[in-house]
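Comments concern the structure below.
The values are calculated or read from the model by the stated rules, or taken from the named source; none is laboratory data. The structure displayed is predicted, hence computed values, not measured ones. Don't worry about glycine lacking a Cβ; one is built from the backbone with ideal geometry, like all the others, and counts go over all protein chains shown. For the accessible areas, the whole protein counts, side chains as well, though only heavy atoms, and no ligand, DNA or RNA atoms are used. Shrake-Rupley method; radii C 1.70, N 1.55, O 1.52, S 1.80 Å.
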Amino acid sequence: MRFLPAIRMCLVACGVAIALPADAVVTATWGVETYPQWDAGDATSAFITSAGELRPGWDTKRTALEGDAVWSALHLADGSVLLGSDAGGAIFRYTGDAANKLVSLPGAIAVVALAQTSDGTVWAGAMPGNKLWKIDVATGKATPTGPLGKDKDVETVWSLAASGNTVYAGTGPSGKLFAVTGGTPKEVFDTDDKRITALAVTGDGAVWMGTSDRALVFRYDPKLGKARAMADFAGNEV
């Protein structure tokens, strides 16, 4: 069974304990026959992989936030983390052991996308919303860009990805991709799907996007200004 290596690790550890002086430890024996029995153990500071391997893990700690969910996160250079929530479109800044509200985006239900361009500017996309928000982390001020296309074409900014000083925005319900440089938006691609739910920029500068409801993957080349379909998955969302 795949989880046997992990069991062997525990047995080896037990053997080491037995080898120590008798007055130093208390020894015990036990039997593990199934994965559920093994998985029922307390994995403190460790985790079990899907292959049944035991590896060093991390201690976790819960920090309470307003709202029901965190929709997006962005790790900053200073070690803090921005969290986009559904608490009235609030962005929280998590530092150390505490999370404090940085800003709330007017009219937003949730902040569903966050990204940072190479000039240090933090950008946020909201639901609903047809614009991007430029976030001043130092002052907690949010400044909107101009609208991304027409209102009926852009109701939510579902995804963001940065490339240099340009931030790309994937939107819905018309599945359009926008490039925003210096605060000026430009439509660069129309997927003919409903939403661009995922964005990533690769090392060659290409922008990859996943869509909904047809679960398509496209690759957009900013140098050529062209895009092509790369995959069509059996599901309904990437």
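Counting only alpha carbon atoms, the long axis of helix 4-19 and the longest principal axis of the chain meet at about 40°. For region 79-182, lysine pairs separated by 8 or more sequence positions, or belonging to different chains, with Cα-Cα distances below 22 Å total 11. Calculate for the chain the 222 nm mean residue ellipticity that helices alone would give, adding -39,500 (n - 2.57) per DSSP H run of length 4 or more and normalising by residue count, nearest 500 deg cm²/dmol. -2500 deg cm²/dmol, from helical runs alone.
Classified by the C-alpha gyration tensor, region 179-238 has a prolate form. Its axis ratio a/c, with a ≥ b ≥ c, is 1.5 or above, and a/b is larger than b/c.
Considering only G57, G125, G140, the Gaussian network model of the chain with Cα springs below 10 Å gives its largest mean-square fluctuation to G57. Among L177, S45, L102, whose Cα sits farthest toward the positive end of the charge dipole of the chain (+1 at Cβ of Lys/Arg, -1 at Cβ of Asp/Glu, about the Cα centre)? Positive-most Cα among the choices belongs to L177.
Explain nothing, just the number: dipole magnitude of region 83-225 about its Cα centre with +1 on each Lys and Arg Cβ and -1 on each Asp and Glu Cβ, in debye rounded to the nearest 20. Walk me through the numbers on the way to the answer.
Numbers: 14 positive and 14 negative charges, 39 e Å.
Using Cβ point charges on Lys, Arg, Asp and Glu, region 83-225 gives about 180 debye.
With a 1.4 Å probe and every protein chain left in place, work out the accessible area per residue of the chain in Å², rounded to a whole number.
Numbers: 13430 Å² over 238 residues.
Per-residue accessible area for the chain comes out at 56 Å².
For G107, the shell of other residues with beta-carbons less than 15 Å away shows a net charge of -2, using +1 for Lys and Arg and -1 for Asp and Glu.
Only protein atoms count toward the accessible area here, which uses a 1.4 Å probe; on the chain, the carbon and sulfur part of that area reaches 54 percent.
Over all alpha-carbon pairs in region 51-117, figure out the percentage whose distance exceeds 15 Å. Roughly 56 percent, once rounded to a whole number.
Between I109, I91, I48, the Gaussian network model of the chain with springs among Cα atoms under 10 angstrom shows the greatest mean-square fluctuation at I48.
GNM, the chain, Cα, under 10 Å: largest mean-square fluctuation among K131, K226, K186? With Cα springs under 10 Å in the chain, the top fluctuation among K131, K226, K186 is at K226.
For region 106-238, the share of DSSP beta bridges that are antiparallel, to the nearest 5, is 100%.
When the label point is put 7 Å from the Cα of D59 along its Cα-to-beta-carbon vector, which residues of region 69-92 have a backbone N closer than 12 Å? The answer is none, because no backbone nitrogen lies closer than 12 Å to the label point.
When Rg and the Kirkwood Rh are both derived from Cα coordinates, the Rg/Rh ratio for the chain amounts to 1.14.
What does the highest-first list of 205-213, 144-152 look like by mean Cβ count within 10 Å? All intermediate terms of the calculation are to be shown ahead of the outcome.
Numbers: 205-213: 20.4, 144-152: 14.3.
In descending order of packing, they fall as 205-213, 144-152.
Counting only Cβ charges, +1 for Lys and Arg and -1 for Asp and Glu, the dipole size of region 115-164 around its Cα centre is about 80 debye.
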